[in-house]
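Peer 1: Got a structure here, written out as structure tokens. Questions coming.
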Amino acid sequence: MTLSDTQSLILGKASRHPERLAAAPRGLPAAARNAVFRSMLKNGLLAEVAAPRGHAGLAWRQDADGARIALRITD
């Protein structure tokens with residue numbers, strides 16, 4: 001799989017995060033962010049996890065119960 005510049009940036013930054021959580025680059029429109037994250041989930045590069053305390057701001061969505069869901073890079 002060939003990574004886009006945005007995907008490479010997300011993975012690189014997440015690899016340095018203490019919890020390995022992914023964040024979208026600043027200025028990336030919401031629709032583009034969602035498309036990139038969905039693609040990375042589909043290809044097994046990211047996995048959804050409950051947003052850890054202190055990192056709720058990195059949540060990319062909420063589940064049906066309102067719990068915040070973050071993305072963590074996979075091995």
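The values are calculated or read from the model by the stated rules, or taken from the named source; none is laboratory data. Keep in mind the model is a prediction, meaning the values are calculated, not measured. When we count neighbours, we look across all protein chains shown, and the Cβ atoms used for this are built from the backbone with ideal geometry, even at glycine. All accessible areas refer to the heavy atoms of the entire protein, side chains included, with ligands and DNA or RNA removed. Shrake-Rupley method; radii C 1.70, N 1.55, O 1.52, S 1.80 Å.
Peer 1: Within the range 13-21, is even one residue touching a helix residue (DSSP H, G or I) at 6+ places or on another chain (Cβ under 7 Å) and crowded, with 16+ Cβ neighbours inside 10 Å?
Peer 2: yes
Peer 1: Something else now. List, please: which pairs have Cβ atoms under 7 Å, are six or more places apart or on different chains, and start with a residue in the range 45-58 that is under 13 Å from A22 (Cβ atoms) and end with one that is in a loop (DSSP other than H, G, I, E, B) and at pLDDT below 90?
Peer 2: none
Peer 1: Using the structure shown, decide if P25 is of a type outside the set (A, V, I, L, M) and open to solvent by less than 80 Å² (accessible area, probe 1.4 Å).
Peer 2: The answer is yes for P25.
Peer 1: Condition first: open to solvent by 40 Å² or more (accessible area, probe 1.4 Å) and either in a loop (DSSP other than H, G, I, E, B) or within 16 Å of L3 (Cβ to Cβ) (or both). Now tell me which residues in the range 46-55 satisfy that.
Peer 2: Selection gives R53, G54, H55.
Peer 1: Now for a separate question. Which one is surrounded by the most Cβ atoms within 10 Å (Cβ to Cβ) among residues in the range 56-75 that are assigned to a loop (DSSP other than H, G, I, E, B) and within 12 Å of the chain's Cα centre (by Cα)?
Peer 2: Per the criteria, the residue is W60.
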